[in-house]
Amino acid sequence: MRKSVAIVGGGIIGLMSAWRLAREGHSVIVFERHKTCGSESTCAAIGALMPLPPNKDGDMAVFQRHSHDLYPDYMKELSEELGVPHPYKACKRVQILRSEKEICMTRDMAKGYPNSIDYLTEEKVRALEPQVETLGFGALFCHDTSSINPIHLVKILLQALKKYNIHVFNGVSITQARPQGDKFEISASVGSFVVDDFVVAAGLGSTGLAPGVPVTPVKGQGVAIHMDKKVISHLVRHQGLYIIQDDDLTIRIGATSEPKAVHMLPDEAGYNTLLAKAYEVLPALRDGEIKYVWSGARPKGPDGKFHIDREDSTFGAIVATGHYKVGIGLAPATAEKVCMLVAETQPNRLQSS
Ligand SMILES: Cc1cc2nc3c(=O)[nH]c(=O)nc-3n(C[C@H](O)[C@H](O)[C@H](O)COP(=O)(O)OP(=O)(O)OC[C@H]3O[C@@H](n4cnc5c(N)ncnc54)[C@H](O)[C@@H]3O)c2cc1C
């Protein structure tokens with residue numbers, strides 16, 4: 001059944017969900033409180049798509065791997081719909097090891113998952129990434145890692161929404177949606193809307209609309225360096241840091257994790273920490289020029305877990321939030337689940353209202 005759906009939040013979760021819903025024939029509107037979509041957490045992301053290793057199970061790991069598997073097809077569809085290239089790259093990952101213990105763990109994983117993990121000796125690292133310095137222990141090479149430039153992704157998702165005639169109301173903050181029979185009524189500065197279904201994908205703003213899902217900010221900072229040559233071909237991971245080189249040769253390094261930050265702006269201590277770690281494994285970066293630094297806040301869900309379900313505190317509306325450090329990676333599977341929830345009947349909403 002074709003439904004009308006309102007989404008609050010023009011970050012990756014809201015935009016990806018809007019696009020998938022439109023493809024299924026639903027009529028969608030999106031509300032975004034800023035003038036530009038993606039301007040809270042999404043465009044601050046590095047865009048490392050790194051599912052949990054194959055030896056981890058549990059719902060989160062399975063969901064993350066499923067989302068990673070969906071990415072290539074979703075991006076192919078997006079690219080075909082628009083006739084433009086997509087920003088997704090199956091770039092794989094070189095992760096610098098720091099101890100004999102890590103070598104043993106990597107070798108064990110490589111034995112168990114030969115199609116996914118390899119152990120690289122020093123020589124192999126040099127052959128694969130000549131500019132990368134190791135710490136004497138070689139590296140883990142992971143096939144299941146991709147990257148995407150989130151700013152580019154937001155741009156093409158918005159183009160797709162336009163193609164489906166989805167209206168994105170920018171600069172419109174939603175404070176409430178009330179049940180009206182089996183529908184939702186949303187009052188906004190641009191008018192009042194009655195829709196069949198309502199999705200809260202508002203990142204840190206979600207709690208204001210869905211008090212039952214507390215989301216807290218965790219600051220992260222990044223640095224971009226202008227390079228005039230290609231220095232790496234894979235995503236390089238070192239001490240929790242991601243280093244990615246874009247097609248325009250810009251190197252993006254991130255991110256810090258600062259749960260107790262007193263402000264959300266970039267600061268010298270943050271980007272100096274990132275640079276020091278990055279120079280350790282990629283000394284060639286010292287020849288580059290710092291292009292910009294940035295910061296953002298990750299929306300951390302209750303107990304660090306994301307929430308994608310109907311929610312009583314919003315009269316049975318769908319709440320998709322709390323994606324914390326992995327929201328770019330989880331966007332395809334989240335959008336898929338939002339589509340499933342929209343397609344189902346809505347017992348929670350009927351009970352609550
Ligand atoms: C420094 C940094 C690095 C990161 N790196 C990665 C990475 O490499 N890989 C990865 O997968 N993830 C990464 N993340 C995490 C990722 O960015 C987030 O998990 C993801 O962007 C969350 O998306 P979202 O759409 O839920 O939230 P947001 O992008 O914050 O979008 C929510 C939107 O809702 C809008 N909104 C809020 N309240 C309202 C309201 N009342 N009315 C209207 N609009 C409203 C906001 O303005 C915002 O635009 C990183 C995050 C940071 C900060």
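The values are calculated or read from the model by the stated rules, or taken from the named source; none is laboratory data. Since the model is a prediction, treat every value here as computed from it, not as a measurement. No Cβ is skipped: glycine too gets one built from the backbone with ideal geometry, and neighbour counts run over all protein chains shown.
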field: Residue among 44, 48, 90 that is over 14 Å from the mean Cα position of the chain (by Cα) and either closer than 26 Å to residue 233 by Cβ or more than 9 Å from the ligand (Cβ to nearest atom) (or both)
entry: 90
- request: Could you grab me the full set of residues in the range 182-193 that are away from the ligand (no atom under 12 Å from the Cβ) and touching a residue at least 24 places away in the same chain (Cβ under 8 Å)?
  value: 182, 184, 193
message: Can you pull out every residue in the range 303-319 that is in a strand (DSSP E or B) and touching a Leu at 6+ places or on another chain (Cβ under 9 Å)?
response: 308, 309, 310, 317, 318, 319
message: So if I check each of 256, 314, which one is within 30 Å of residue 206 (Cα to Cα), outside the structural domain of residue 125 (by TED's automatic domain parsing) and β-branched (Val, Ile, Thr)?
response: 314
Considering residues of the range 40-83 that are among the polar types (S, T, N, Q) and more than 30 Å from residue 264 (Cβ to Cβ) only, the residue modelled with the highest pLDDT: 79
message: If I filter the range 183-198 for residues that are surrounded by 22 or more Cβ atoms within 10 Å (Cβ to Cβ) and within 23 Å of the chain's Cα centre (by Cα), do I get at least one hit?
response: yes
field: Failed criterion for residue 35 (all others in (1) assigned to a loop (DSSP other than H, G, I, E, B); (2) closer than 15 Å to residue 323 by Cα hold)
entry: (2)
query: Can you pull out the residues in the range 209-236 that are farther than 22 Å from residue 325 by Cβ and near the ligand (Cβ under 9 Å from one of its atoms)?
result: 209
- request: Could you tell me which of the residues 269, 284, 278 is surrounded by 18 or more Cβ atoms within 10 Å (Cβ to Cβ), more than 11 Å from the ligand (Cβ to nearest atom) and in a helix (DSSP H, G or I)?
  value: 278
task: Could you grab the pairs with beta carbons closer than 8 Å, sequence gap of 6+ or different chains, first residue in the range 114-129 and on the phi < 0 side of the Ramachandran plot, second one among the charged types (D, E, K, R)?
output: 116/144; 119/107
